[in-house]
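Notes for the one structure printed next.
No value in this document is a laboratory result; all are computed from the given coordinates. Being a predicted model, the structure only gives us computed values, none of them experimental. Cβ coordinates were reconstructed from backbone atoms using ideal geometry, including for glycine residues, and neighbour counts include every protein chain displayed.
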Amino acid sequence: MPKPGSSLSAVVVSGGKQYRVAPGDRILVDRIAAELGASVKLGRVLLFSDGNEVKVGNPAIEGLDVEAKVIAHPRGPRLESLRYKSKKRVRVHAGGRAHLTALEIIAVGGVGLPVEEKEAAPEKAKPKGRAKAAPKKKALAAKAEALDETPEPVEEEAPKKAPRRRAKKESE
């Protein structure tokens, strides 16, 4: 249950599990069939709090949804279960990794984080590595000239070895 006086939050259902979310949160849910960067709407909102009042659905709040953006499709940790009974020949091993979807919550009930507008000032790309790029080009040109001056080596064919003969088995 959200604390009174807290910011915007909601409880949503995805994949049979409940998650408490707020704008800007990142959550891992069961795999959702959506492309990376796609927007997804989670429609089953069980509880909504805007800081002043709390709405509880029966079972869900109608007309309210949570908008999220797909960040990645990772796999969960490796889980193993092992059952063993001594002297009974019972050994059962099961395990696997869950397929998950990472979501970033954009808006809860149509209210989201304020988006900062970036100025359209062009930024100069800084060269990676050292600041002087001209000597690097000269060094490459010198190497290319050195490669051109060397004569091509003449390939000599090595004598081929005769194939190995297998000894014939004598039949009795």
For this session: Just need the Rg to Rh number for segment 23-119, please, alpha carbons only, Kirkwood Rh.
Result: 1.21
Seminar exercise, completed: Ranked from fewest to most other Cβ atoms within 10 Å of their own Cβ, LEU79, LEU100 fall in the order LEU79, LEU100
